[in-house]
Amino acid sequence: MKTISPHAALIYVMVVVSASDGAMDERELHAIADVTSSLPVFRGFDGDRLRAVVEDCSAILQEDEGLRAVLGLVAETLSEPLRETAYWLALEMALIDHRVALEEIRVIETIRRALGIDKLIAAALERGARARYQVS
């Protein structure tokens with residue numbers, strides 16, 4: 001079975017949410033690039049590899065049972081604290097355009113289950129993510 005780095009696993013989660021509507025545009029790729037260049041969890045990640053990691057994930061998603069395969073790789077790679085980070089990143093990607101589509105909600109719930117995120121922890125992360133994007 002293929003193995004991936006923790007950095008790649010976190011990026012895979014963002015790609016899954018970004019592609020949940022069937023396509024991933026440059027704006028979403030730019031948002032992922034911003035996250036990978038600014039969050040401490042991505043310290044040491046070579047930003048020049050971002051497009052290759054995104055393309056690797058996209059290729060797996062195109063296969064039969066691709067989503068299951070990607071989430072299996074992610075769950076296998078990430079420690080429990082990084083699984084919570086991955087869930088938060090999924091929420092961030094969904095909220096980036098200030099609206100969450102039904103497909104994104106379904107994918108986020110699938111991610112939560114695949115990563116074994118407790119519902120109470122998920123609710124806290126969701127509330128924090130919503131608070132970040134509220135406007136007056």
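The numbers here are math on the coordinates, done by the rules we state, and not lab data. On a predicted model such as this, the values are computed, not experimentally measured, just so you know. With ideal geometry, Cβ positions are generated from the backbone for all residues, glycine too; neighbour counts draw on all protein chains shown.
Of all the stretches in the chain, which is the longest one without any exposed loop site, taking GluC sites (Glu not before Pro) in a DSSP loop (any state but H, G, I, E, B) with at most 13 other Cβ atoms within 10 Å? Segment 66-136 is the longest. Per-residue Cβ neighbour counts within 10 Å put Asp97, Asp56 in the sequence Asp97, Asp56, beginning with the fewest.
Between the listed residues Ala86, Leu73, Ser5, the Cα displaced farthest toward the positive end of the dipole of the chain, a dipole computed from Cβ unit charges relative to the Cα centre, is found at Ala86. By the beta-carbon count within 10 Å of each Cβ, the least crowded to most crowded order of Leu102, Leu89, fewest first, is Leu102, Leu89.
Counting every other Cβ atom within 10 Å of each residue's Cβ, Thr77, Thr3 order from fewest to most as Thr3, Thr77. For the pair the range 1-52 and the range 105-128, the centres of their Cα atoms are 19 angstrom apart.
Ignoring everything except DSSP H segments at least 4 long, calculate the 222 nm mean residue ellipticity for the chain; use -39,500 (n - 2.57) per segment, divide by total residues, nearest 500.
-22500 deg cm²/dmol
Annotation note: trypsin sites (Lys or Arg not before Pro) in the range 48-130 located in DSSP loop regions with a Cβ neighbour count of at most 13 within 10 Å are Arg99.
Select from the range 1-46 those trypsin sites (Lys or Arg not before Pro) which occupy a DSSP coil region and have at most 14 other Cβ atoms within 10 Å, ordered by residue number.
Working: sites: Lys2, Arg27, Arg43; in loops: Lys2, Arg43.
Here the trypsin sites (Lys or Arg not before Pro) that fit, given the DSSP loop and packing criteria, are Lys2, Arg43.
Charged side chains reduced to their Cβ positions (Lys and Arg at +1, Asp and Glu at -1) give the range 6-133 a dipole of some 540 debye around its Cα centre. What per residue convex hull volume, in Å³, comes out for the chain when only alpha-carbon positions are used? So the per-residue Cα hull volume is 109 Å³.
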